[in-house]
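Below: one structure, written as structure tokens.
What follows draws every value from the coordinates through simple rules; no lab data is involved. Source: prediction; values computed, not measured. Reconstructed Cβ throughout: ideal geometry from the backbone, glycine too, with neighbour counts over all protein chains shown.
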Amino acid sequence: MPRAHLIADLEEFARSGQLGPLAIGLSRNQVFALLGAPADWLKEKPVNESAIWKYGDLELYFEGDHLHMIHFDSFEVPVAGGVLQLSPWVLCRGLPLEDLEKALRRATIPFTSTPDRWNPGCMRVVTSAGVSFLIQIEGQAHDLGLCQFGRGAGSHAK
């Protein structure tokens, strides 16, 4: 019997830190039950032992047997794969910092914006749910704007 489609709203992800049915800490078996087999994974290990599962642009990182990070870094307009469909909200590659901050304010999602300590020329916007957005603000025009986002196990509400 085919799985029903699941929808995840990226505005709600920014607000809650949960991507549809996916939450940090789920077991690998729970993720598999929700989404089925990943479209891609680190091939040096069997799929059930791989540290990364990929569904479209969505990357799920496992530490041991549990979901450790939900991450997007290769996208134009974020899409998932298989049974998971995304509602992208305003998110797209290159989204300017000001536009992201405006959308977060409009959605009444608390956030902080600070220079990123690991990526010079970038700002990191972190919501109260621990979802982090990396925005390049210096450099070549084609590199500017939103370049990655996600939530890790170490992220928590402030």
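Quick look at the numbers
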{"item": "Neighbour count of at most 11 Cβ within 10 Å plus DSSP loop: longest GluC sites (Glu not before Pro)-free window in the chain", "result": "77-137"}
{"item": "Two-decimal log10 I(q)/I(0) for the range 1-67, as the Debye equation yields it once each C-alpha is a single scatterer, q = 0.14, 0.20 Å⁻¹", "result": "-0.42, -0.84"}
{"item": "Calculated from backbone phi, Karplus (6.51, -1.76, 1.60) coupling profile of the range 121-129 in Hz, x at Gly/Pro", "result": "x, 10, 10, 10, 10, 10, 7, 5, 8"}
{"item": "5 angstrom amide H check on D9, placed H, neighbours 5+ away", "result": "G20, S87"}
{"item": "At most 14 other Cβ within 10 Å, DSSP loop - chymotrypsin sites (Phe, Trp or Tyr not before Pro), the range 54-150", "result": "W118"}
{"item": "Which labelled figure in (1) 1, 7, 13, 14, 14, 10, 9, 9, 8, 7, 5, 3, 1, 0; (2) 2, 9, 19, 22, 20, 14, 9, 4, 1, 0; (3) 1, 5, 5, 6, 6, 7, 9, 10, 11, 8, 7, 6, 5, 4, 3, 2, 2, 1, 0, 0 is P(r) over Cα pairs in 5 Å bins from 0, in percent, once derived from the coordinates", "result": "(2)"}
{"item": "Degrees separating the helix 97-106 axis from the principal Cα axis of the chain, which is the longest one", "result": "70 degrees"}
